[in-house]
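Notes follow the structure.
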Amino acid sequence: MRRPLLAIVCLAASALIIDAQVRPIYDMGAAGMTQILQRLQTTASVLHTGAHPDDEDSAFIARAARGDHARVAYVSLNRGEGGQNIIGPELFDALGVIRTEELLQARRLDGAEQYFGHTFDYGFSKSRAEAATKWGERDTLGDYVRVIRLFRPLVVYSRFSGTPADGHGHHQEAGYLTPIAFKAAADPNEFPEQLREGLRPWQAKKLYRGIGFNARPDPAAPNVQVPEGLIDPVIGRSYAEISFEGRSQHKTQAQGGIEPRGSLASTLTLVDSLIQGPRPEQSIFGGIDTTIPGLARLAGLPDGTIRAELAAMDAAAKKALADYRALEPARVIPALAEGLRATRAARTAVKAAAGSADVRAEADFLLAVKENDFTEALVRAAEVDVDPLAGTEIVVPGDSMDVVVRTFVPAGSSSVVLGKTSVSAPAGWMVQLLPLEAPSINAGGFGRRETPTDVQPYRVSVPADASLTEPYYLRQPRTGDTYTWADADPKGLPFQPPLLTASLVATIGGADVTITRPVQFRYADSVRGELRRDVNVVPRVAVGLDTPLLVVPLGNTANQQKLVVRATSFSAKPVTGTLRLRLPQGWTSTPAQASFTLNASGDRTSTPFVVTAPARRTAGRLEIGAEAVAEGATFMRDVQVIAYPHIQTHRLYWPATATAQVFDLKVAPVKVGYIMGSGDQVAEAIRRMGVEVTMLDGDMLATGDLSRFDTIVVGIRASEANPDFVANNGRLLDYLQRGGTLIVQYQQQEYANRKMPPFPAGPPTNANPRVTVEDAPVKILVPAHPVFNFPNRITDADFAGWVQERNAYAFSMFDARYVPLLECADPGEPPVRGAEVYAEVGKGRYVYTAYSWFRQLPAGVPGAYRQFANLISLSKAPH
């Protein structure tokens, strides 16, 4: 079913509120009420474009949304899947989910909405040409055009210029495409498939660009200064402070920072304009009539159309703002009710107005936004709270759950008359109204001390074929570096709308309103207090493996490895079944299968299988699958739960498979200590080689006997994420002096700035060299060095099949006592020699290696395993 344009826009706004975990502190109480009353006075809107999460000009967004009271949105071409993760091990798609959430948290604070393109962040790019090739420039342009037509802004603000001054190739592509999209969105011949979906062409009035990260404003061009250090007297904070609080939600990127006070401004350069505005400009909305009376002309209606209705809307909005008293919000109910009635009258009148269908539709779009604003203001003024709660966070297909729609109205309120409630669910679900005395209404710990004004319990039954809840853009496999959107997907939105919503029909101040809220599960965390989660459909049983990868060396005898299969129940009822493996031809497992019984939701069982690879095996990549057969159904998917304190919980589903990589691999008998950094899977990869690994905590680093380790490996970004590593770096250097081998994986500038390497090294600035082309040729500079000969002979073939990049954060300068081992370069750039360097320190050996082992080893790249085996074997290598 085609969803109306306004419904799509409203869903975008509601999705922002639904999925955010951060409380909307600036939208609450008297501050929030004042802001929505101020928003009633204007039709201003601006769309901000960028490439990644964290590209946005956050201070500008906060100023425009909370200072100018405009509709504001940020559209990011991708979700940041190719970056690093400072808070955990999630990478790629899972990291993209977290960063999507982090943007939602930021938007909840700065007051804007959030959209996305369908591109996948394949990692750092040095050229726009690479981004255009990998993403498909035409399709990427379509993403921007779609959001412009959906959001329909008066102003578009491009973060980037589209030139090399933007740095990252993704930034350049975003800056290059925005001016094209600015015009293409208005052309009905461009992307006509979007029009068939229900979107309409839209021509924004002005286009600005920022100065990006490296560009500089053109003094000859018309520039406008947007002051952001102003303190909002209602909120009590400046827009800059609010914005940096929002940026601190980008926790995977270590974006936490100081919330600055004092003067701050963004410089925007006017690139294109369809109107004649004042010069010099004082506002990005200069020359655009964003008043309520100007709405008809803004939409293109003939002069005088709906003049009386707009005048009534304007008068009501102004009276409500003038009459508002923080301690008496109900004072403005009459004015708001009058404004709502006038807005609805205007929408009715527009249907019969002169002008084209597109013009009438545009007027109705703007009026619908105002109707939503008046409705929300009226509900807040009456202090009506509709809070629908589910008895459980998760439900399996074929089961049911209870929902209680609770309504709270201030005692003695005479302006509110409550009507019927309802619960909306996906097609095929059944919603049944329960009697008030049903015992289920207290399920889920709704709180004995709470006394709602009205309570309506429901039972929601989920069909047996209900789809599992997962991010809509992950339901289908990616095509290269782009996601595949289905026709019914909410294209461009962060996530799909909630499964269940509840609505209340009420009359406030004589005006009928419908209040709709998402159904959520509420629970108390003993440390964090009240938490809320969206309702998710989950499988009855999830099945998974303890590792996604088996490393099987070539040999002449059978190879045996343990593979643990786990099954987890999400059913409240007992589940009995059988676990088994799907193996390549000639491979066997002991046992062949195993039975299990899980009595309650959350119960888990794990069964070890010994997998035997035949003696006559050849090199290659093979797949092993796990499955659970229970109650006549076969379950073959694992669940990855993404849960952090600052975001909503999400569940991703992947095939329950492991890859068996068979290749020639040798490793010396070494004992390895591992110092974790920001989170990676390299220690597990070392264990896959059959090597003992001990994780080194603060106590071990401070007082333990490090000499018992042949090799100590430092995880990525440990100099940022692990203060114990920093504090005990001196002990590690002593370990080196006494004969130890220390392998340090890539670190950012903190490692060099703190003078942690054994000899001087590091970047002269914060810009560490990197090679982003994953198949860029690599030259071995010291072929006779043990790192290329023991125990594996390393050749050019060992650099084949790499993913995402060669290296990142290489040394740009280093002492002569370091020996560069490898040389590599992106096309047209000078070679990088500081990405793997070797030094002898006392009796020990030191290697700094910025090659991206943390990506290659989990991906099962054979050459990466062979090279890393040589690195950890250095202590046993002949001198």
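The values are calculated or read from the model by the stated rules, or taken from the named source; none is laboratory data. As the structure is a computational prediction, the values presented were derived from the model and not from experiment. Virtual Cβ from ideal backbone geometry, glycine too; neighbours counted across all protein chains shown. Surface areas here come from the heavy atoms of the whole protein model, side chains and all, with no ligands, DNA or RNA. Shrake-Rupley method; radii C 1.70, N 1.55, O 1.52, S 1.80 Å.
How charged is the neighbourhood of K126? Take every other residue with its Cβ under 14 Å from the Cβ of K126, and add Lys/Arg as +1 and Asp/Glu as -1. Don't jump to the answer; show the numbers that get you there.
Working: positive: R128, K134, R770, R806; negative: E130, D166, E173, E774, E805, D826, E829.
Once positives and negatives cancel, what remains is -3.
With Rg and the Kirkwood Rh both taken from Cα atoms, where does Rg over Rh land for the stretch 259-396? Provide the component values of the computation, followed by the final result.
Working: Rg = 19.7 Å, Rh = 18.0 Å.
That ratio is 1.10, to two decimals.
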Q: Figure the gain on full extension for T659 and I275 (residue separation times 0.36 nm, minus the Cα-Cα span) and round it to one decimal in nm.
A: 132.3 nm
Q: Relative to the compact-globule scaling 2.2 N^0.38 Å, provide the ratio for the alpha-carbon radius of gyration of the stretch 615-772.
A: 1.35
Q.
Taking loop as defined by DSSP and a crowding limit of 14 other beta carbons within 10 Å, which GluC sites (Glu not before Pro) in the stretch 617-651 fit?
A. E631
(Q) Given the whole protein assembly as supplied and a 1.4 Å probe, what does the accessible area of H52 come to in Å², nearest 10? (A) 20 Å²
Q: Using a 1.4 angstrom probe on heavy atoms only, work out the carbon and sulfur share of the accessible area of the chain in %.
A: 52 percent
(Q) Could you work out [θ]222 nm for the chain from helices alone, using -39500 (n - 2.57) per DSSP H run of at least four and dividing by all its residues? Round to the nearest 500 deg cm²/dmol. (A) -7500 deg cm²/dmol
(Q) Please compare each pair in K134/K671; K251/K491; K183/K319; K319/K351; K251/K420; K779/K843 to a cut-off of 31 Å on the Cα-Cα distance and tell me which ones are over it. (A) K134/K671; K183/K319; K251/K420
Q: Would you mind giving the average projected area, over all directions, of the Cα convex hull of the stretch 791-834 in nm² with one decimal?
A: 4.5 nm²
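Could you list the trypsin sites (Lys or Arg not before Pro) in the stretch 597-627 that lie in coil according to DSSP, counting only those with at most 14 other Cβ atoms within 10 Å of their Cβ? Write down the numbers at each step before the final one.
On the way: sites: R604, R616, R617, R621; in loops: R616, R617.
Answer by residue number: R616.
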Q: Express the relative contact order of the chain as a whole percentage, based on alpha carbon pairs under 8 Å and six or more residues apart in sequence.
A: 9 percent
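Beyond 15 Å, how much of the Cα-Cα pair distribution for the stretch 455-497 remains, as a whole percent? Kindly include the intermediate steps, with their values, before the conclusion.
Values: 510 of 903 pairs.
Value for the stretch 455-497 (Cα pairs over 15 Å): 56 percent.
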Q: Assuming R0 = 56 Å, can you tell me the calculated FRET efficiency for the pair V431 and K876, based on Cβ-Cβ distance, to the nearest 0.05?
A: 0.25
Q. Span-like helices, the chain: DSSP H, alpha-carbon axial extent 30 Å or more, mean Kyte-Doolittle -0.5 or greater, which ones?
A. 357-381
Q: Would you mind calculating the gained length between T576 and A326 on full extension (0.36 nm times residue separation, minus the Cα-Cα distance), in nm to one decimal?
A: 84.1 nm
Q. Can you give me the Cα centroid spacing of the stretch 650-716 and the stretch 105-183 in angstrom?
A. 38 Å
Q) Rg (Å, one decimal) plus Dmax (Å, integer) for the alpha carbons of the stretch 497-626? A) 24.1, 86
Q) If one computes P(r) from the Cα atoms of the stretch 672-741, what percent of pairs lie at distances over 18 Å? A) 32 percent
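Any idea what the dipole of the chain comes to, in debye rounded to 20, about its Cα centre with Lys/Arg Cβ at +1 and Asp/Glu Cβ at -1?
Working: 90 positive and 93 negative charges, 129 e Å.
Rounded to the nearest 20 debye, it is 620 debye.
Could you grab the Rg to Rh ratio for the stretch 112-197? Cα atoms only, Kirkwood for Rh. Display every interim value, and only then the final one.
Details: Rg = 12.9 Å, Rh = 13.4 Å.
Ratio of gyration radius to Kirkwood radius: 0.96.
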Q | Correct choice for P(r) over Cα pairs in 10 Å bins from 0, in percent that was computed from the model, options [x] 2, 10, 16, 17, 16, 15, 12, 7, 4, 1, 0, 0, 0; [y] 2, 8, 13, 19, 22, 17, 11, 6, 2, 0, 0; [z] 2, 11, 19, 22, 20, 14, 8, 3, 1, 0 | A | [z]
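With a 10 Å radius around each residue's Cβ, average the other Cβ atoms per peptide and rank 552-560, 703-711, highest first. Each step should come with its number before you reach the end.
Working: 552-560: 13.9, 703-711: 16.2.
By packing density, highest mean first, the sequence is 703-711, 552-560.
Restricting to Cα pairs below 8 Å that are 6+ residues apart, what does the relative contact order work out to for the stretch 261-333? Please round to a whole percent.
For the stretch 261-333, the relative contact order is 16 percent.
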Q | Segment R475-R297, extension gain: residue separation times 0.36 nm, minus the distance between their alpha carbons | A | 59.8 nm
Q) Taking the Cα-to-Cβ direction at A315 and at F408 and moving 7 Å from each Cα, how far apart do the two end points lie in nm? A) 3.7 nm
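How do the peptides 95-101, 22-28, 633-639 rank, highest first, by the average count of neighbouring beta carbon atoms within 10 Å per residue?
On the way: 95-101: 25.7, 22-28: 15.4, 633-639: 17.4.
The densest-packed peptide leads the list: 95-101, 633-639, 22-28.
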Q: Report the local net charge at I642: Lys and Arg +1, Asp and Glu -1, summed over other residues whose C-beta lies under 12 Å from its C-beta.
A: -3
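Beyond 20 Å, what share of the Cα-Cα pairs of the stretch 636-701 is found? Please give it as a whole percent.
Across the stretch 636-701, Cα pairs with separations above 20 Å total 55 percent.
Ranked from highest to lowest mean number of other Cβ atoms within 10 Å per residue, what is the order of the peptides 285-296, 407-418? Before the final figure, lay out each step's value.
Numbers: 285-296: 19.4, 407-418: 14.5.
Taking the mean over residues of other Cβ atoms within 10 Å, the ranking is 285-296, 407-418.
If the viscosity is 0.692 mPa s and the temperature 37 °C, what translational diffusion coefficient in µm²/s does Stokes-Einstein give for the stretch 545-704 when Rh comes from Kirkwood over Cα pairs? Numbers along the way, then the final one.
Values: Rh = 18.1 Å.
Approximately 182 µm²/s, per Stokes-Einstein.
Can you pull the Kirkwood radius for the stretch 69-228, inverse mean 1/r over Cα pairs, to one decimal in Å? Numbers along the way, then the final one.
On the way: mean 1/r = 0.0598 Å⁻¹.
Evaluated over the stretch 69-228, this radius sits at 16.7 Å.
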